[in-house]
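The values are calculated or read from the model by the stated rules, or taken from the named source; none is laboratory data. Since we're looking at a predicted model, the values are computed, not measured. Quick reminder, even Gly has a Cβ in these numbers, built from the backbone with ideal geometry, and neighbours come from all protein chains shown.
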Amino acid sequence: MAARAASQRAQASIEVLAGIPALVLAGLVALQLSVAGYSLTLADGAAEAGAMALAAGRPATPAIRAALPGWARDRIHVVVKGGEITVRLRPPSPVGAVSHKLEVSSSAWVKRPAGG
């Protein structure tokens with residue numbers, strides 16, 4: 001009886017140890033998706049800042065860069081076509097390929113001032 005109880009305890013310990021990597025992986029995936037969502041929020045705000053700059057007759061790119069935190073400034077690609085501003089942002093990730101796959105994009109439209 002005691003040998004059987006010890007065997008069951010050992011099996012339970014092995015099951016717990018086997019489950020820890022799965023829990024860690026699930027946590028990392030959830031964290032990466034949260035960072036991607038935050039990056040989309042940043043891209044939205046940056047596109048809006050660029051649109052407001054264009055509406056005021058100023059260049060969009062400096063306003064977009066100023067609207068982003070430092071880590072995001074070198075992870076963006078900005079396209080300004082007429083009154084359309086598109087900001088693409090790669091979220092940070094320990095795996096570069098994941099960062100490229102999770103790239104987010106946000107656009108804003110603005111009617112440019114006369115003569116702009």
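Every condition in (1) farther than 15 Å from residue 109 by Cβ; (2) touching a Phe, Trp or Tyr at 6+ places or on another chain (Cβ under 6 Å) holds for residue 28 except the one numbered (2). Filtered by the rule that a residue be among the aliphatic types (A, V, I, L, M), within 15 Å of residue 103 (Cβ to Cβ) and within 13 Å of the chain's Cα centre (by Cα), the stretch 31-83 gives 33, 35, 36, 40, 42, 43, 68, 72, 76.
For the stretch 67-85, a residue qualifies if it is among the charged types (D, E, K, R) and farther than 30 Å from residue 114 by Cβ, and the qualifying residues are 73, 74, 75. Pairs are defined by a Cβ separation below 9 Å, a sequence spacing of at least 6 or placement on different chains, a first member in the stretch 19-45 that is in contact (Cβ under 8 Å) with a residue 60 or more places away in the chain, and a second member that is charged (D, E, K, R); the pairs so defined are 36/103; 39/75; 39/90; 39/103; 43/88. Taking the numbered list (1) buried (at least 20 other Cβ atoms within 10 Å of the Cβ); (2) out of contact with any His (no Cβ under 8 Å at 6 or more places or on another chain); (3) touching a residue at least 24 places away in the same chain (Cβ under 8 Å) in turn, residue 111 passes all entries but (1).
Whenever a residue of the stretch 58-70 is touching a residue at least 24 places away in the same chain (Cβ under 8 Å) and more than 20 Å from residue 81 (Cβ to Cβ), its partners that are assigned to a helix (DSSP H, G or I) and aliphatic (A, V, I, L, M), lying with C-beta atoms within less than 9 angstrom and at least six residues away or across chains, give the pairs 68/42; 68/43; 68/46; 68/49; 69/42. Residues in the stretch 83-108 that are hydroxyl-bearing (Ser, Thr, Tyr) and modelled with pLDDT of 90 or more were compared, and the one that is surrounded by the fewest Cβ atoms within 10 Å (Cβ to Cβ) is 105. Of all residues in the stretch 85-105, those that are under 13 Å from residue 44 (Cα atoms) and more than 12 Å from the chain's Cα centre (by Cα) total 3.
Listed by position, the strands (runs of 3 or more DSSP E) enclosed by the stretch 49-116 that each have at least 1 residues that are touching a Ser or Thr at 6+ places or on another chain (Cβ under 6 Å) and within 29 Å of residue 25 (Cβ to Cβ) are 84-89, 104-109.
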